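Participant: Before we start, here is the structure in question, set down as structure tokens.
Taken together, the values in this text are just the output of simple stated rules run on the coordinates, not laboratory data. Treat the numbers as computed from the prediction; the structure is a model and nothing was measured. A quick note on method: Cβ atoms are made from the backbone with ideal geometry, for glycine too, and the neighbour counts reach across all protein chains shown.
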There are 2 protein chains.
Amino acid sequence: METLPDKTVERLSQYRRSLNNQLAKGKEHIFSHEIANLLHITSVQVRRDIMLIGYSGTLRKGYDIKELVDLIGKILDTDEGQKIAVVGMGNIGKAFIHYLYEKRSKLKVVAAFDVNPEKIDKSYADVYCYHLDKLKDIIAKENIKIGIITTPPQVAPEISDKLVDAGIKGILNYTPKPLSVPEGVYLEEYDMITSLEKVAYFVKKK
Amino acid sequence: METLPDKTVERLSQYRRSLNNQLAKGKEHIFSHEIANLLHITSVQVRRDIMLIGYSGTLRKGYDIKELVDLIGKILDTDEGQKIAVVGMGNIGKAFIHYLYEKRSKLKVVAAFDVNPEKIDKSYADVYCYHLDKLKDIIAKENIKIGIITTPPQVAPEISDKLVDAGIKGILNYTPKPLSVPEGVYLEEYDMITSLEKVAYFVKKK
DNA sequence: AAAATATTGTTATTTTTTTAACAATAAGTT
DNA sequence: AACTTATTGTTAAAAAAATAACAATATTTT
């Protein structure tokens, strides 16, 4: 399939979560406007996204939730699952580990790294924390392809380089320090303070 | 001034941070392409954003960093500063508090709320944590206008309603549970897992 | 003094994303 | 059996965002 638009990929992730909730409640079919209501978006958007992934519902029952969830899984997941490394065992690093722990997901955090002796050589939610020096070895050995950077911003570029050097193909950068990565590595950056300043701006404006 | 585009607001927040770093290094003027390099975007985008906020540089020196920072401050900040409440004293809540602590910013977390007795009636980074029952009183008394929701997702809608009822005008929702708020309240939603699934999808695609 | 250069500010174009419009149609209703 | 209704799937249009193009011009070089 063609690569899907960015925003559609984001929504697919959200559709899946909501649909799984509905499945858990015993619901088997759902209309586009019901999905839309759950996520507070429009039904047109839902139908368009579903069209883009090539799924069809029926006119009177809408979409088969199970089938749709499975299809989204085929699109977002890989069969073997994807392994993740978290670099930086602070609040955010822990939040990611905690979040993915127990959640039945194809995404698994399989290693964490830090330099603080108090955090190293311990497990948090079944994830073992290694010294940063071991990064390349562990990532190679475990064949990890995705890294999350949750370190202090100053060291983020250095961590990014190490991850790329170790063979990582996707980075989620949670520090406010912008990174650059070579062609072939996907980079997603997110800045908590920017989100907050945005809210503050629009509050001020009203 | 007209309300700025969403994305421009986000970038202004990032320009300011980078520009402050440059100021700290003793740099006084900067060219659009230098800002662009710092943030890994294009210089056209930088110039366009700066045009939108009505600032002008000079042809040979570029932009006066101090002036630009001050102007961005005028746009993003309010003179009195803005007070923030954090609801949910878990990893993410702590991360926000910690982040804004010590950072010289007009945004101040002035209260946190939780229901866990172990967290209540203590301070974390100078922010006092109250029982959720006190939310309305404290928000009214302190005249807080911005709330961050970092609770478990199930309770997010209830918290959101309470915040709105207490007079909050902007909400940053960090739970994966989509919220809806009345007209006049600005809502920004962010989902950590969606970010990660997006990275995973594009890694898979490559 | 003329030419070359580097940079801004702004308009035009392209791309991406969202929203609207509507034909097709399955199921229920008269 | 014809009519109504509710919904999908898809094309068309609009809106938002990013990128390109380029005129204007201050400074430096020749």
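Participant: To the nearest Å, what is the center-to-center distance of the stretch B:78-118 and the stretch A:143-178, using C-alpha atoms only?
Facilitator: 26 Å
Participant: Pop the C-beta distance of A:Asp79 and B:Asn21 into the FRET formula with R0 = 45 Å and round what comes out to the nearest 0.05. The partial results should precede the final answer.
Facilitator: Working: r = 44 Å, r/R0 = 0.98.
About 0.55, to the nearest 0.05.
Participant: Could I ask something else about it? Obtain the radius of gyration and the Kirkwood radius of the stretch B:163-206 from its C-alpha atoms and give Rg over Rh.
Facilitator: 1.20
Participant: Go ahead and run the numbers for FRET between B:Lys136 and B:Val115, Cβ-Cβ distance against an R0 of 22 Å, rounding to 0.05.
Facilitator: My answer for the efficiency is 0.90.
Participant: Ok, one more. If the label for B:Leu39 sits 7 angstrom from Cα along the Cα-to-Cβ line, what are its distances to the same label in every other copy, in nm to one decimal, shortest first?
Facilitator: 2.8
Participant: Could I ask something else about it? Among B:Lys136, B:Lys108, B:Lys66, which one moves the most in a GNM of chain B with springs linking Cα atoms closer than 10 Å?
Facilitator: B:Lys66
Participant: If you restrict to DSSP beta bridges whose two residues both lie in chain A, what percentage is antiparallel, to the nearest 5?
Facilitator: 20 percent
Participant: Oh, and also: Only Cα pairs within less than 10 Å get springs; with that Gaussian network setup on chain B, which residue of B:Lys177, B:Lys25, B:Lys119 has the largest fluctuation?
Facilitator: B:Lys25
Participant: Going out from 0 in 5 Å bins, what whole percent of all Cα-Cα distances in chain A drops into each bin?
Facilitator: 1, 6, 13, 15, 15, 14, 13, 11, 7, 3, 1, 0, 0
Participant: Can you give the convex hull volume per residue for the Cα atoms of the protein assembly as shown, as a whole number of Å³? It would help to have the intermediate numbers written out before the result.
Facilitator: Numbers: hull volume 66.8 nm³, N = 412.
About 162 Å³ per residue, rounded to a whole number.
Participant: Taking 2.2 N^0.38 Å as the expected size of a compact globular protein, what ratio does the Cα radius of gyration of the stretch A:82-194 give against it, to two decimals?
Facilitator: Taking N as the residue count of the stretch A:82-194, the ratio is 0.96.
Participant: OK, next. Would you mind checking the pairs B:Lys145/B:Lys177; A:Lys198/B:Lys119; B:Lys7/B:Lys108; A:Lys141/A:Lys162; A:Lys61/A:Lys106 and listing those with alpha carbons more than 25 angstrom apart? Show your work: numbers first, answer last.
Facilitator: Numbers: B:Lys145/B:Lys177 21 Å; A:Lys198/B:Lys119 29 Å; B:Lys7/B:Lys108 23 Å; A:Lys141/A:Lys162 15 Å; A:Lys61/A:Lys106 29 Å.
The pairs that break the limit, which is 25 Å between Cα atoms, are A:Lys198/B:Lys119; A:Lys61/A:Lys106.
Participant: Label position 7 Å from Cα toward Cβ: report the copy-to-copy distances for B:Glu28 in nm, one decimal, ordered from shortest.
Facilitator: Nearest first, the other copies' label points are 7.6 nm away.
Participant: Helix-only mean residue ellipticity at 222 nm, chain A, DSSP H runs n ≥ 4 weighted -39,500 (n - 2.57), per residue, nearest 500. What is it?
Facilitator: After summing the helix terms and dividing by residue count, I get -13500 deg cm²/dmol.
Participant: For the pair B:Glu67/B:Asn37, report the inter-label distance in nm, with labels modelled 7 Å from Cα in the Cβ direction.
Facilitator: Inter-label distance under the simple model: 2.3 nm.
Participant: Note the full-extension length gain between A:Glu2 and A:Gln154 as 0.36 nm times their separation in residues minus their Cα-Cα distance, in nm to one decimal.
Facilitator: Length gained, A:Glu2 through A:Gln154: 51.0 nm.
Participant: How much length is gained if the chain between B:Glu183 and B:Asp165 is pulled fully straight, taking 0.36 nm per residue apart and subtracting their Cα-Cα distance, in nm to one decimal? Kindly include the intermediate steps, with their values, before the conclusion.
Facilitator: Details: separation 18, 0.36 × 18 = 6.48 nm, distance 1.30 nm.
Full extension from B:Glu183 to B:Asp165 adds 5.2 nm.
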